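A short write-up of the structure that comes next.
The values are calculated or read from the model by the stated rules, or taken from the named source; none is laboratory data. Just so it is clear, the structure is predicted and the values come from calculations on it, not from any experiment. Cβ placement follows ideal geometry from the backbone for every residue including glycine, while neighbour counts extend to all protein chains displayed. Surface areas here come from the heavy atoms of the whole protein model, side chains and all, with no ligands, DNA or RNA. Shrake-Rupley method; radii C 1.70, N 1.55, O 1.52, S 1.80 Å.
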2 protein chains.
Amino acid sequence: MVIRVSDFESQEIRSLTLFSGLDDACFSTLMRGAYVQNFPPMIDLITEGDKSDFLHVLISGSVELFANWSGHETTMAVLRPTSTFILAATIRRARYLMSARTLEKSRIVLVPSEDVSAVFDLDPDFARAVVTELAVCYRANVMTTKNLKLRSSLERLANHLLAARKLAGDAQSFDLGLEKRRLASSLGMTPENLSRAFRQLKPYGVAIDGSRVMIADASDLEGLAKPSDLIDESCVN
Amino acid sequence: MVIRVSDFESQEIRSLTLFSGLDDACFSTLMRGAYVQNFPPMIDLITEGDKSDFLHVLISGSVELFANWSGHETTMAVLRPTSTFILAATIRRARYLMSARTLEKSRIVLVPSEDVSAVFDLDPDFARAVVTELAVCYRANVMTTKNLKLRSSLERLANHLLAARKLAGDAQSFDLGLEKRRLASSLGMTPENLSRAFRQLKPYGVAIDGSRVMIADASDLEGLAKPSDLIDESCVN
DNA sequence: GAAGCTTTTTGATTTGCGTCAATTATTTCG
DNA sequence: CGAAATAATTGACGCAAATCAAAAAGCTTC
């Protein structure tokens with residue numbers, strides 16, 4: 001059964017950079033073919049290698065992008081609302097390079113690839129929005145690569161914590177927001193190593209209780225992390 | 001002094017996917033403001049952190065994209081003709097995330113960012129070409145991340161050699177095409193470790209003499225490398 | 001609230017890979 | 001061409017991080 005996108009959600013989707021510049025007619029075209037779906041946690045949404053059919057928009061909950069090779073699995077990113085995913089595959093009409101699963105109960109809008117393509121040609125503003133969104137994602141990916149190749153796992157963790165703190169409005173304490181094993185995988189390390197890394201950060205004023213992180217003095221941690229806006233600019237997708 | 005783009009080079013640039021669909025008027029607009037420049041080897045073209053002003057098109061020679069952090073440097077990619085670079089920064093009008101330098105004597109076309117932007121709005125075909133190019137680059141980057149996170153350095157080398165062999169038309173022997181230390185950096189390893197890795201590949205029929213690589217039996221090496229078109233699809237940029 | 005699961009932590013051990021240092025090969029350039 | 005510089009290789013060593021194993025702590029679920 002197809003479930004239409006509600007007006008309320010429409011509003012929310014519209015607030016995304018990808019859709020904000022769009023004129024009403026075009027936006028309606030996109031939403032007409034789109035449908036919303038609720039998913040329980042740990043549901044596979046897409047599998048790498050499959051052909052892409054829909055642009056996904058995460059409205060609530062959280063989604064993990066991950067990849068497999070030769071028996072190994074790695075977390076590529078953890079997405080939170082409101083963000084789009086697999087835009088590149090949608091545009092290329094190519095096979096997915098990553099798989100996706102829900103982590104929490106999630107609400108997701110699915111926009112048919114053909115509609116995205118059609119509106120792209122119809123509305124120059126949308127075209128510009130798509131290319132901007134893609135450029136942002138591209139740059140985020142470059143940052144990921146730099147992060148992996150230039151930093152040790154301890155430095156990656158330190159920078160992640162500083163970024164998370166910033167996202168939490170520079171709060172003195174904040175929630176980790178995801179399981180530690182997934183954080184570990186996303187940072188390119190094992191859960192065991194992450195656990196030890198947290199202890200190594202104690203002298204820098206980092207305390208952790210469950211999923212609650214407390215950073216006593218951010219500038220202390222920054223001394224170790226050496227954050228750079230050419231690597232750490234917070235960009236979800 | 002501004003050097004115009006020759007007709008011959010014009011032809012070559014046009015053959016790029018980015019420009020192929022473009023109508024003549026728009027292409028002329030782009031080329032009118034563009035200029036060509038010759039660079040000796042080892043010349044810094046752009047520096048990460050600087051604001052982007054030009055879309056770069058490599059016509060001949062080769063260019064290294066690299067990044068620095070806290071005293072470390074890593075090779076992000078080595079480009080060969082004909083390819084564009086820093087398209088994402090151009091579109092976002094943002095600061096470069098990577099630096100670039102010539103490796104060989106190179107000929108490069110510089111297209112002002114404003115012109116790219118203007119033609120993007122003017123010509124839907126160009127808009128589509130830009131978004132396609134960007135999507136390709138994005139996907140290449142995702143592959144890089146998967147390569148780094150899912151494979152050991154030996155596996156990365158093995159897959160690189162198989163990809164290079166393919167690029168050389170499945171020739172039994174081919175040139176490495178870049179210094180070993182840059183290859184090492186681009187694969188995320190040290191020169192010393194690369195040297196050892198080459199020796200480890202001997203039992204798999206890999207021989208190396210200077211920059212000449214010989215692969216006796218590709219299928220043998222594939223047994224180790226386990227190449228996947230979701231990671232190894234050859235895409236330069 | 002206890003039983004059974006999963007996740008996290010901790011410790012012991014191994015290993016892949018980086019670092020340091022020295023030698024050999026290769027390239028550059030006067 | 002030969003000297004100097006740069007790259008590549010090799011060996012010894014150390015460290016970061018993975019693996020293995022087991023205990024502890026958190027979650028479910030009935």
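Does the range B:106-120 contain any residue that is loosely packed, with under 15 Cβ neighbours inside 10 Å and either more than 14 Å from every other protein chain (Cβ to nearest Cβ) or over 20 Å from A:ASP232 (Cα atoms) (or both)? Yes, the range B:106-120 has at least one match. Here the strands (runs of 3 or more DSSP E) wholly within the range B:1-100 that include at least 3 residues being within 18 Å of the chain's Cα centre (by Cα) and modelled with pLDDT of 90 or more are B:44-46, B:54-60, B:63-69, B:72-79, B:83-85. Comparison of A:LEU162, A:LEU183, A:LEU187, A:LEU134 shows that the only residue that is open to solvent by less than 30 Å² (accessible area, probe 1.4 Å), within 16 Å of DNA strand D (Cβ to nearest atom) and out of contact with any Gly (no Cβ under 9 Å at 6 or more places or on another chain) is A:LEU187. Scanning the range B:137-149 for residues that are open to solvent by 30 Å² or more (accessible area, probe 1.4 Å) and more than 7 Å from every other protein chain (Cβ to nearest Cβ) yields one hit, B:ASN147. Condition test on A:ALA197, is it within 23 Å of B:HIS72 (Cβ to Cβ) and within 12 Å of DNA strand C (Cβ to nearest atom)? The answer is yes for A:ALA197. The single condition among (1) surrounded by fewer than 20 Cβ atoms within 10 Å (Cβ to Cβ); (2) small (Gly, Ala, Ser); (3) within 29 Å of B:ARG92 (Cα to Cα) that A:GLY177 does not satisfy is (3). Of the helices (runs of 4 or more DSSP H) lying entirely inside the range A:159-228, those containing at least 2 residues that are of a type in the set (A, V, I, L, M) and within 30 Å of A:ASN68 (Cα to Cα) span A:180-186, A:191-200. Which of (1) of a type outside the set (A, V, I, L, M); (2) touching a residue at least 40 places away in the same chain (Cβ under 8 Å); (3) more than 10 Å from chain A (Cβ to nearest Cβ) is the odd one out, the single condition B:THR132 does not satisfy? Evaluating B:THR132 over (1) of a type outside the set (A, V, I, L, M); (2) touching a residue at least 40 places away in the same chain (Cβ under 8 Å); (3) more than 10 Å from chain A (Cβ to nearest Cβ) leaves (3) as the failure.
Within the range A:196-225, the set of residues being under 30 Å from B:TYR96 (Cβ atoms), of a type outside the set (S, T, N, Q) and away from DNA strand D (no atom under 15 Å from the Cβ) comprises A:ALA218, A:LEU221, A:GLU222, A:GLY223.
Scanning the range A:158-190 for residues that are away from chain B (no Cβ under 14 Å) and closer than 14 Å to A:SER228 by Cα gives A:HIS160, A:LEU161, A:LEU162, A:ALA163, A:LYS166.
Hey, any hits in the range A:67-77 for a residue that's closer than 24 Å to A:MET143 by Cβ, among the charged types (D, E, K, R) and more than 14 Å from chain B (Cβ to nearest Cβ)? No, that holds for no residue. Got at least one residue in the range A:150-157 being more than 24 Å from A:ARG80 (Cβ to Cβ), assigned to a loop (DSSP other than H, G, I, E, B), within 11 Å of DNA strand D (Cβ to nearest atom) and open to solvent by less than 60 Å² (accessible area, probe 1.4 Å)? Yes.
Cβ-Cβ contacts under 7 Å between residues 6 or more apart (or on different chains), taken from a first residue in the range B:171-196 that is among the charged types (D, E, K, R) to a second residue that is within 11 Å of DNA strand D (Cβ to nearest atom) and in a helix (DSSP H, G or I), are listed as B:LYS180/B:PRO191; B:LYS180/B:LEU194; B:ARG181/B:PRO191.
Residues in the range B:209-237 that are open to solvent by 60 Å² or more (accessible area, probe 1.4 Å) and within 14 Å of DNA strand C (Cβ to nearest atom): B:ASP209, B:ARG212.
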